[in-house]
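Asker: Before we start, here is the structure in question, set down as structure tokens.
The values are calculated or read from the model by the stated rules, or taken from the named source; none is laboratory data. Only a predicted model underlies this, so the values are computations on that prediction, with no experimental measurement involved. So basically every Cβ, Gly included, is an ideal-geometry build from the backbone, and we count neighbours across all protein chains shown. The area values use the complete protein model at the heavy-atom level, side chains included, leaving out ligands, DNA and RNA. Shrake-Rupley method; radii C 1.70, N 1.55, O 1.52, S 1.80 Å.
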Amino acid sequence: MDLYAENILDHFRHPRGTEPLQKPTVVHHEINASCGDELTVSVKIENKKITGFSWSGTGCAISQAAMSLLSEELTGMNLEQLEAMKPDHVKELLGVPVGTRRIKCALLGLHAVKNALRKHAGQEPQSWMETVGVEN
Amino acid sequence: MIDPAAIRRQFPFLKRIVDGKPVVYLDNAATVQKPQAVLERMRRFYEEQNANVNRGMHPLAEEATIAYEEARKTVADFVGAKHPSEIIFTRNATESINLVARSFGETLKKGDTVALSLLEHHSNIIPWLQLKERKGIAIEWIGLEQDGRVDIESLRNILEKKKTKLVSVTGLSNVLGIRTPLEKIIALAHAAGAKVLVDAAQLIAHASIDVQTLDIDFLAFSGHKLYGPTGVGVLYGKRELLESMPAFLGGGDMLESVDQNGFIPAELPRKFEAGTPSIADAIGLAAAIEWTTLVCVDAIHTHTKNLLAYARKKLSTVKNISILGATSGNDLLGCISFITNGIHPHDLTEILGRKGICLRAGHHCTQILHKHLGITASARLSVGAYNTEEEIDRCIAAIEETILFFRKS
């Protein structure tokens, strides 16, 4: 059961980064319609830097743990750094092999955060093909 | 009674070993495994009989055509159709329903109503929403009782408005495993002047259906849920109805004659079978039907019904599980769905799958039903002719283990 490593289950049971954020700059909601996983991310942006982050959601252990893991490193990050973040980074954070059938679970958090930035910039949301890294 | 061991020997897939043990395949509502007889019949077709149908004067073409038309006759007998020409081979149940929506649907006008139940699979919803967009028809939703059974009063109320031209309902829910009262529905619909389409994608493998006795206007199902191959589906339609409907897909074989100004459609069933059909698959489906007849169709139905009742009894004793829908009754067949407190269905089935126990998780193409139930996803256990009580036991034990694994802090 390597997908459900202790680290992942720990993040699933005790999610980090869920403390509500005061006055977020942008709030964005993403849903994985095929399984019903949902995430809402709140981001505070100051001087092109993330100065605060919070999330809430429901769904499978993988989607929730990946969001929890990602949330730990967002605060303090430059927008450019986040924009450049690749799906492989989330896979590294999870530290377990993620197969094709669970990739959307693993990347829902990244998808939500990236689209929060797009929303903030007044741009169209990026597609799943982009988030997964199949298309640019 | 069927002999599970003898049945199992006929399914090559069941020899697969996962995690050191034989696979436990309990995802039969998605697709069932195929007996050797079906695989061999299809191989023989490709190796010895492969030719296109309804064209070509060489003897092999004739042999292929005969086999294909024999397959149609086998299907017609299986569902009790009056004429083989009432059987249209399609790609799957979805395409069969789309055929009706695109062809029969063309005869509907703005303001006409199609009634659907909240149990429906997306394949019996989207074609009608598309028709709504195209023609401005209205869709009315037949409600459910608290336990998920169809609310007949709700249907009565819809039919009273005298606008319903078609009632399109599943014969067996692919989530709750609840049969719909087809006799009542059909009688009420016909009394109100509406036709009835039965989506039998699930029911076809678990109960006998006689289209004439039930007076069904349209019946749709897929071959692959009936121990046959993917790639072939069936639409049964009453002859006079199919004759009155415009052609669906245009192309080779569906026309009598064509000139620069127009065409005359072919007679049934070719009118609705444009292009080269899935010949080998249709022949494979006939082989599957023959296989169920050889085993004994009623015995298969009794076996899957008893096995599901066994699974229900066992599952209901597992802590932290809630079973969806009705808990008892003679109308529960095919599958059982449940949610597990604290574990997402995808996590549950992922872990079960790693142990070689195959269940489905998700919304099972019924987002509307799941929303009605107030959930986004569920896990589903569905049975077939080859499943055994031992397999159910293994599955339940694995579910319990997974719950423990997830809940320990």
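Asker: How many percent of the alpha carbon pairs in the protein assembly as shown exceed a separation of 48 Å?
Answerer: 18
Asker: Let me ask you something else. Which sequence of A:Trp55, B:Trp141 reflects their accessible areas, 1.4 Å probe, from the largest down?
Answerer: B:Trp141, A:Trp55
Asker: Is there a pair in B:Lys82/B:Lys195; B:Lys163/B:Lys271; B:Lys161/B:Lys184; B:Lys313/B:Lys408; B:Lys135/B:Lys163; B:Lys132/B:Lys162 whose C-alpha atoms are over 20 Å apart, and which pairs would that be?
Answerer: B:Lys163/B:Lys271; B:Lys313/B:Lys408, as the Cα separations exceed 20 Å there.
Asker: Would you work out the charge dipole size for the range A:2-124 about its Cα centre, treating the Cβ of every Lys and Arg as +1 and the Cβ of every Asp and Glu as -1, and quote it to the nearest 20 debye?
Answerer: 280
Asker: I'd like the projected area of chain A, averaged over all directions, using the convex hull of its alpha carbons. Report it in nm² with one decimal.
Answerer: For chain A, averaging the hull's shadow over all directions gives 7.6 nm².
Asker: Modelled label-to-label distance, B:Arg9 and A:Ala84, 7 Å Cα→beta-carbon offset: nm?
Answerer: Once both label points are built, they end up 6.6 nm from each other.
Asker: Calculate the FRET efficiency for A:Glu19 and A:Lys49 from the Cβ-Cβ distance with a Förster distance of 30 Å, rounded to the nearest 0.05.
Answerer: Efficiency computed from Cβ-Cβ geometry: 0.95.
Asker: Where the only charges are on Cβ atoms (+1 Lys, Arg; -1 Asp, Glu), what is the dipole of the range B:39-293 about its Cα centre, to the nearest 20 debye?
Answerer: 760
Asker: Assign unit charges at the C-beta atoms only (+1 for Lys and Arg, -1 for Asp and Glu), then state the dipole size of the protein assembly as shown relative to its Cα centre in Debye, rounded to the nearest 20.
Answerer: Charge dipole, the protein assembly as shown, about its Cα centre: 920 debye, nearest 20.
Asker: Under 16 Å Cα-Cα from A:Lys91, which aspartates and glutamates qualify once same-chain neighbours fewer than 8 residues away are excluded?
Answerer: Within the straight-line limit of under 16 Å, A:Lys91 reaches these aspartates and glutamates: A:Asp2, A:Glu6, A:Glu72, A:Glu73, A:Glu130.
Asker: Please give the length that would be gained between B:Ser316 and B:Tyr46 if that part of the chain were fully extended, namely 0.36 nm times their separation in residues minus their C-alpha to C-alpha distance (nm, one decimal).
Answerer: Length gained, B:Ser316 through B:Tyr46: 92.5 nm.
Asker: Would you mind telling me the share, in percent, of accessible area of the range B:213-283 contributed by carbon and sulfur at probe 1.4 angstrom?
Answerer: Within the range B:213-283, the accessible surface is 48 percent carbon and sulfur.
Asker: Which number do you get for Rg(Cα) / (2.2 N^0.38 Å) in the range B:312-409?
Answerer: 1.04
Asker: Please work out how much length the chain gains when fully extended from B:Val18 to B:Ile139, using 0.36 nm per residue of separation minus the C-alpha to C-alpha distance, in nm with one decimal.
Answerer: Length gained between B:Val18 and B:Ile139: 39.0 nm.
Asker: Now for a different question. Once you compute Rg and the Kirkwood Rh from C-alpha atoms, what is the Rg to Rh ratio for the range B:211-353?
Answerer: Taking Rh as the inverse mean 1/r over Cα pairs, Rg/Rh reads 1.13.
Asker: Once label points are set 7 Å from the Cα along Cα→Cβ at both B:Leu60 and B:Asn306, what is their separation, rounded to one decimal in nm?
Answerer: Label-label distance for B:Leu60 and B:Asn306, simple model: 4.7 nm.
Asker: Do any residues of the range A:30-55 lose at least 20 Å² of accessible area when the full set of protein chains is present rather than just their chain alone, and if so which, with a 1.4 Å probe?
Answerer: With the partner chains in place, the range A:30-55 has these residues losing at least 20 Å²: A:Ala33, A:Ser34, A:Cys35, A:Gly36.
Asker: Between chains B and A, what is the buried accessible area in Å², counting both sides, with a 1.4 Å probe and ligands, DNA and RNA left out, to the nearest 100?
Answerer: Roughly 1500 Å² of accessible surface disappears when B and A pair.
Asker: Shifting gears a bit: With a point put 7 Å past each Cα toward its Cβ, work out how far B:Asp298 is from B:Lys132 in nm, to one decimal.
Answerer: Here the answer is 4.3 nm between the modelled labels.
Asker: With every protein chain kept in the model, how would you rank A:Glu46, B:Glu273 by accessible area, 1.4 Å probe, largest at the top?
Answerer: Descending accessible area places them as A:Glu46, B:Glu273.
Asker: Of A:Lys23/A:Lys119; A:Lys104/B:Lys225; B:Lys73/B:Lys238; B:Lys110/B:Lys225; A:Lys104/B:Lys371, which pairs sit farther than 26 Å apart, going by alpha carbon to alpha carbon?
Answerer: From A:Lys23/A:Lys119; A:Lys104/B:Lys225; B:Lys73/B:Lys238; B:Lys110/B:Lys225; A:Lys104/B:Lys371, over 26 Å: A:Lys104/B:Lys225; B:Lys110/B:Lys225.
Asker: I'd like the accessible area for B:Arg407, computed on protein heavy atoms only with a 1.4 Å probe and all protein chains in place. Round to 10 Å², please.
Answerer: 120
Asker: Something else: B:Lys73 to B:Leu249: extension gain in nm, 0.36 nm per residue of separation minus the Cα-Cα distance?
Answerer: That pair, B:Lys73 and B:Leu249, stretches by 61.1 nm at full extension.
Asker: Still on this model: If only Cα atoms are counted, what is the Rg of chain B, and what is its Dmax, in Å?
Answerer: For chain B, the Cα-based Rg and Dmax read 21.9, 75 Å.
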